[in-house]
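The values are calculated or read from the model by the stated rules, or taken from the named source; none is laboratory data. These figures come from a predicted structure and were not determined experimentally. Glycine gets a Cβ as well: all are built from the backbone with ideal geometry, and neighbour counts include every protein chain shown. Calculation scope for accessible area: heavy atoms of the full protein, side chains included, ligands and nucleic acids excluded. Shrake-Rupley method; radii C 1.70, N 1.55, O 1.52, S 1.80 Å.
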Amino acid sequence: MGMMAWFTGRESLALGMRPETRREAIVASLLNMAWIIEARDPYTGGHLWRVSRYAALLGERAGMAAEQVAQLILGAFVHDLGKVGVPDAILRKREPLNEAEFALIRVHPELGARMLAGHPYAHLLHDVVLLHHETPDGQGYPRGLSGASIPAAARIVGLCDAFDAMTTPRPYRGAMSLDQALTAIEAQLGRQFDDFLGRHLIALAREGALDGILGHSDEGLRLQACARCGPTLVVRREHHAGEHIHCPACGERHKLVTQGEGRSATLRAEPTGAFGSPTDLLPSPDQALIRRLVQDTAGLAVQTGYGMPGAA
Ligand SMILES: [Fe+2]
């Protein structure tokens, strides 16, 4: 029996793929991994999409090439992969963290980098995953790097991640207004936030370039508010009027109704007073969004062919 007999079924399919298809399959697998983190926290609906959109706009504004912007988008999706190792009791804690708990949070960049280390595209994402909590003043973690020694991609994703956290409500606090968040960033330029990038982010926000991202979970799709939990309800493109969606935090069932007419019609979630079953509440990756992201990024982000000589 020759070697080829081992390569049956799925393996032979993967090995027989055209290089472009194989790149797309690997990028899709990365984005599916990223959704594990999104599924973990009921209050972060749309967080990864928003961070990736902010990062892409900021990267473009900062003069990055299309390939670097595509890498930023993927980096934004996987940056918090290591949070899979942080206990829920800490991730979801409503009170301020003590020193021991914060020490556990601080391992997530290192863990994320280790989890990705064997991945064929780890080299594209390593900096963002390991260094997105470094700050220009050297007070960040895990390395305490400062200024220009922090790679640009990590600085961009770190800033956009912080901006989204500020402008998104949490169970224990409301969201800052856009103005408050911009003021907070301005006050920390050169310290917590990169001066050059921070100024560009503020300019983008003042121009209104972030309006379609803030409070949204996808292009044209606003997060909807659960009366109890705030804006936690994610409507997807494939949803139709009459369907139900559930608040991932409290589980209340909401019915989607059409609001407005014609092309400007949108879906609004109305509370029903009923609650979803455990199965109703299971999160699932947004495969349609993942397919679009793969199409937008796979060809650009990955410059070297997987498995080709010279590929890092
Ligand atoms: Fe993080």
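Observations on the structure shown:
- Net length available on complete extension from Ala274 to Arg18 is 87.3 nm, with 0.36 nm assigned per residue and the Cα-Cα distance removed.
- Label-zone membership for region 158-180, site Arg92, 7 angstrom Cα→C-beta point, backbone N under 18 Å: 169-173
- Average Cα contact separation per residue, the chain, under 8 Å, 6 or more apart, as relative contact order %: 19
- Sorted on the mean count of surrounding Cβ atoms within 10 Å across their residues, most packed first, peptides 24-36, 130-142 read 130-142, 24-36.
- Sequence-distant contacts, meaning Cα pairs under 8 Å at least 6 residues apart, place the relative contact order of region 112-238 at 15 percent.
- Tyr172 - accessible surface, heavy atoms, 1.4 Å probe, Å² rounded to 10: 110
- Computed over the alpha-carbon pairs of region 178-312, the distance histogram in 10 Å steps reads 10, 26, 26, 25, 12, 1 percent, short to long.
- Estimated vicinal HN-Hα couplings, Hz - region 264-281 in sequence order (Karplus 6.51, -1.76, 1.60; Gly, Pro = x): 8, 5, 10, 9, 10, 8, 10, x, 10, x, 9, 10, x, 6, x, 5, 4, 8
- Residues in region 204-220 reached by a label modelled at Met166 [backbone nitrogen below 19 Å; 7 Å Cα→Cβ]: 204-216
- Its Cα centre serving as origin, region 60-205 has a Cβ charge dipole (Lys and Arg +1, Asp and Glu -1) of approximately 260 debye.
- Among Phe275, Phe193, the order of accessible area from largest down is Phe275, Phe193, computed with a 1.4 Å probe on protein heavy atoms.
- Per the Debye formula on identical point scatterers at the alpha carbon atoms of region 115-176, with no solvent, log10 I(q)/I(0) at q = 0.19, 0.30 Å⁻¹ is -0.76, -1.11.
- In whole angstrom, the chain maps to an equivalent ellipsoid with semi-axes of 30, 28, 20, each derived as √(5λ) from the alpha carbon gyration tensor and ordered largest first.
- Here the chain is treated with +1 on each Lys and Arg Cβ and -1 on each Asp and Glu Cβ, and its dipole about the Cα centre works out to around 360 debye.
- Computed with a 1.4 Å probe over protein heavy atoms only, the accessible surface of region 114-199 comes to 44 Å² per residue.
- Kyte-Doolittle at least -0.5, axis length at least 27 Å by Cα - qualifying DSSP helices, the chain: 19-40
- As a calculated quantity, the FRET efficiency between Arg236 and Arg191 at R0 = 25 Å, using C-beta atoms, amounts to about 0.05.
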